[in-house]
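Throughout, read-outs are computed from the coordinates displayed, never taken from laboratory work. The shown structure was predicted, so the numbers you read here are calculated from the model rather than taken from an experiment. Here Cβ is always computed from backbone atoms with ideal geometry, including for glycine, and neighbour counts include all displayed protein chains.
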Amino acid sequence: MKDFAGRTAFITGGANGIGLGLARALLAEGAKVAIADIRQEAIDAALETLDNQQAVGIRMDVSSRAEFADAADEAEDRLGPVSLLFNNAGINLFQTIDESTYDDWDWVLGVNLHGVINGVQIFVPRMKERGKGGHVVNTASMASFLAGPVPGIYNTAKFAVRGLSESLRYSLAPHGIGVSALCPGLVKTHIYASDDVRPEALNARGKPVDASFNAQLAKVHEAGMEPDEVAAKTLQSIRDNKFYIFTHPEFRDELREVFDEIIADYPPGDAPIERLAFERGRRENYRKARAAARGK
Ligand SMILES: NC(=O)c1ccc[n+]([C@@H]2O[C@H](COP(=O)([O-])OP(=O)(O)OC[C@H]3O[C@@H](n4cnc5c(N)ncnc54)[C@H](O)[C@@H]3O)[C@@H](O)[C@H]2O)c1
């Protein structure tokens, strides 16, 4: 996709941070934008700063299938068929897996993984049926490659979003629909304040909220990349039909280091011939799928 003008974009978590940056960039390109977010006051503030008739706000929780479906219908009624989907809403929880409760898992996976699944389940069939192409951007993170002890559940969700996105990319390429995984590093946003939107129904916390740690996180995020820079790089990557949208150059060497360690763990030896025959075919198909999705 080279041109965004006249298209309708649906951006989850669009009322702040990266999502709001994307909304600004898309409006500047002449697209129409639905800002879907759980915080009504943030939606109102975003619409005020955007000050653009081509933007609408819809309050919804991405983890709810019913709310997502209603929001999709409302966006399309008001702005026309969505062909640009940004599954971007996300929350963070800085704690290890072994100190997490089921509520912690359900909240973080509900928003960061099921939110993406819901967007795909609801919009992709519509995009395929209309046959007008489109693009899906799922916001993963560098945390979809680099896992530390914290934030364990966040890592789990982001690794899954990366896998989901890659698989989806190959199945949608024949339909002229691109798929990308946005993998930012530190961005200047309010992600550290995620606990504000944690639902009452999932409030059995493995660890109490640590206000002083959150204040430190707020400072760290102040040093992050501006959301507008992330958004500009994202739109360019859609134009270039890139799968990985790497916005932060500082991770290149670290990725190489981690991949080298993975390969170093690989044992020597050969596989039996029958297995190799199957794997050769699979490997060739995978190579072809990657090339086809790149348009090569
Ligand atoms: N900020 C970073 O350093 C960073 C780095 C890598 C990846 N990311 C990812 O970027 C995405 C956007 O986050 P951000 O950094 O802009 O944070 P942000 O908190 O500024 O924005 C996220 C938005 O999502 C909304 N949201 C939260 N839960 C929701 C729900 N259940 N339903 C609908 N909306 C919901 C929030 O209200 C908020 O407006 C997330 O997926 C995050 O994991 C952020």
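Tabulated data
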{"read-out": "Selection within the stretch 258-278 - under 30 Å from Leu182 (Cα atoms) and surrounded by 11 or more Cβ atoms within 10 Å (Cβ to Cβ)", "value": "Val258, Phe259"}
{"read-out": "Qualifying residues in the stretch 40-75 (those that are within 10 Å of the ligand (Cβ to nearest atom) and in contact with a Gly (Cβ under 6 Å, 6 or more places away or on another chain)) - the one farthest from Val111 (Cα to Cα)", "value": "Ile43"}
{"read-out": "Qualifying residue in the stretch 230-245 (condition: of a type outside the set (S, T, N, Q), within 12 Å of the ligand (Cβ to nearest atom) and touching a Gly at 6+ places or on another chain (Cβ under 8 Å))", "value": "yes"}
{"read-out": "Pairs where the first residue, in the stretch 5-26, is charged (D, E, K, R) and the second is more than 6 Å from the ligand (Cβ to nearest atom), C-beta under 7 Å, 6+ apart", "value": "Arg7/Ala31; Arg7/Ser83; Arg7/Leu84; Arg24/Leu50; Arg24/Asp228; Arg24/Ala231"}
{"read-out": "Where a residue in the stretch 107-130 is in contact (Cβ under 8 Å) with a residue 40 or more places away in the chain and its partner, wherever it lies, is among the charged types (D, E, K, R) and more than 10 Å from the ligand (Cβ to nearest atom), with Cβ under 6 Å and at least six apart", "value": "Asn118/Arg65"}
{"read-out": "From Ala231, Ala271, Ala215, residue being over 23 Å from Lys158 (Cβ atoms) and either in contact (Cβ under 8 Å) with a residue 12 or more places away in the chain or outside any loop (DSSP other than H, G, I, E, B) (or both)", "value": "Ala215"}
{"read-out": "Every residue from the stretch 182-204 that is within 15 Å of Ile153 (Cβ to Cβ) and either over 25 Å from the mean Cα position of the chain (by Cα) or outside any loop (DSSP other than H, G, I, E, B) (or both)", "value": "Ile191, Ser194, Asp195, Leu202, Ala204"}
